[in-house]
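Down below is the structure, laid out as structure tokens.
The values are calculated or read from the model by the stated rules, or taken from the named source; none is laboratory data. Remember, predicted model here, so these are calculated numbers, not experimental data. Cβ atoms come from the backbone with ideal geometry, glycine included; neighbour counts cover every protein chain shown. Keep in mind that these areas ignore ligands, DNA and RNA; they rest on the heavy atoms of the full protein, side chains included. Shrake-Rupley method; radii C 1.70, N 1.55, O 1.52, S 1.80 Å.
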Amino acid sequence: MFNTKMETLPREEIEALQLRRLKELCVRVYAMVPFYRKRFDEAGVRPADIRSLSDLKLLPFTEKQDMRNNYPYGLFATPRENIVRIHASSGTTGRATVVGYTARDIDNWAESVARALGCAEINSKDFIHVAYGYGLFTGGLGLHYGAEKLGATVIPASGGATRRQVQLLKDFGATALCCTPSYALHLWEAGQEAGIDFTALPLRKGIFGAEPWTESMRQEIERKLNIDALNIYGLSEVMGPGVAMECLRAKNGMHICEDQFLPEIIDPVTGEQLPPGEMGELVITTLTKEGIPLLRYRTRDLTSLDYTPCLCGRTNARIGRLSGRSDDMLIIRGVNVFPQQIESMLLENEGISPNYLIVVDRKDNLDTLEIQVEVSDAFFADEIRKLQEIGRAHV
Ligand code: ADP
Ligand code: ZN
């Protein structure tokens, strides 16, 4: 295990450390970032008002839009010459968000990724094939530095050239694979075509993230690749991969590096904090970042927080598997509905493809929600009755 100390601190000690870092952070961003100074002033809050962790709720949220408005470097909290690396998100839903790291940020990031790999019980003897893209995207270089920090051997395959990657997996004998869960299945398919049997490879573990996936997908990957498939979470705004990682022991929720990231769950509509166990939007305050620290960053990712002891012995809180994004949330007759909930119901029905269309309308002043699905031929022939049932399931 890597740096067990930070992963096993008693709750009072984690909280004392978080509070000390939070206070320092507030002083620093107030002094260094005009955007935050303005936000503090508008909210009538001074850094000195933060006396306990529960005072966190006095602080304003930061949103992706704030990063875009300050594109590219407006939220940086350190002189430009201290920045040693730039990354940026893909910007698929608008202008890219740009982040900068100091040397210490890179080191802290590498440490949290090394811990994440430790959660998977990967160690310095492992050969880690990194098939996340290298470049502005944080996936490739993030895993790379973490794997090196752990003392493991990295194979920096990056994305693409799938056929070749399968050959490398075989020839170089990787014991761990890091990529998106869908790419893992894609690699397996390429292996099938090339006559490479994954179950005969030394590959034992997969570290998968950067996109939503389900428990059934985990089972499928584990069966096809004959590995343990674990979930890793992160986002470039907050740092990159390694913000949270599932442990091999429990495979039940991702441990957050709480000494670096202070998590909250809020109601995405009211912004109120929600208690542990309740599902809502994950908000993260970065406690150690120097380049671009973020106060109460709204990730839009939906999950819940679990502070109960874990089988593995780590005391860090866990976040549950992500179940969609708050920006996708629909409110139908006052009920919050997430596409992910619909998707998991559909996936339980054999013969229905994962492609679906949600049609929201209003009839006689009442919201209606209709789900149109694609069904396979087999489904029509044998299960016409089921189809009728699903037809009736329209709200
Ligand atoms: P980009 O925007 O370039 O794709 P980011 O690192 O900013 O790169 O993407 C982060 C987002 O990816 C998260 O906010 C989350 O929505 C999603 N994500 C990351 N890891 C996971 C995971 N394990 N499960 C589900 N979604 C994830
Ligand atoms: Zn655990």
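Here are some notes:
- Within region 190-248, if we keep just the residues that are in a helix (DSSP H, G or I) and among the β-branched types (Val, Ile, Thr), the residue that is farthest from ligand 2 (Cβ to nearest atom) turns out to be Thr199.
- Listed by first and then second residue, the pairs linking a residue in region 322-333 that is within 28 Å of Asn252 (Cβ to Cβ) and part of a strand (DSSP E or B) to a residue that is of a type in the set (Lys, Arg) and within 10 Å of ligand 1 (Cβ to nearest atom), with Cβ atoms under 8 Å apart and 6 or more places separating them unless they lie on different chains, are Arg325/Arg300.
- Of all residues in region 142-155 being assigned to a helix (DSSP H, G or I) and open to solvent by 40 Å² or more (accessible area, probe 1.4 Å), the one that is nearest to Pro181 (Cα to Cα): Tyr145
- In region 293-311, the residue that is farthest from ligand 1 (Cβ to nearest atom) out of those that are open to solvent by less than 40 Å² (accessible area, probe 1.4 Å) and under 16 Å from Arg11 (Cα atoms) is Cys310.
- Filter result for Asp197 (within 16 Å of ligand 1 (Cβ to nearest atom), of a type in the set (Asp, Glu) and at negative phi): no
- Some residue of region 95-117 being outside any helix (DSSP H, G or I), assigned by TED's automatic domain parsing to the domain that holds Leu248, modelled with pLDDT under 95 and open to solvent by 20 Å² or more (accessible area, probe 1.4 Å): yes
- Residue that is nearest to Asp126 (Cα to Cα), among those in region 179-189 that are in a helix (DSSP H, G or I), open to solvent by less than 10 Å² (accessible area, probe 1.4 Å) and among the hydrophobic types (A, V, I, L, M, F, W, C): Ala184
- Selection status of Thr368, among the hydroxyl-bearing types (Ser, Thr, Tyr) and within 16 Å of ligand 2 (Cβ to nearest atom): no
- The residues on offer are Arg218, Arg223, Arg204, Arg164, and the sole one that is assigned by TED's automatic domain parsing to the domain that holds Asp301, within 15 Å of ligand 1 (Cβ to nearest atom) and modelled with pLDDT of 95 or more is Arg218.
- Search result, residues across region 232-268 that are more than 22 Å from Phe61 (Cα to Cα) and surrounded by fewer than 23 Cβ atoms within 10 Å (Cβ to Cβ): Leu248, Arg249, Ala250, Lys251, Asn252, Gly253
- Candidates Leu75, Leu19 - the one that is under 23 Å from Pro268 (Cβ atoms) and buried (at least 16 other Cβ atoms within 10 Å of the Cβ): Leu75
- When residues of region 156-178 are limited to those that are hydrophobic (A, V, I, L, M, F, W, C) and surrounded by 15 or more Cβ atoms within 10 Å (Cβ to Cβ), the one farthest from Leu225 (Cα to Cα): Ala157
- Residue check for Gly277: in the same structural domain as Arg318 (by TED's automatic domain parsing), farther than 22 Å from Glu24 by Cα and not in a strand (DSSP E or B): yes
- Matching residues in region 246-274 - criterion: being of a type in the set (Asp, Glu) and under 20 Å from Val27 (Cβ atoms): Asp259
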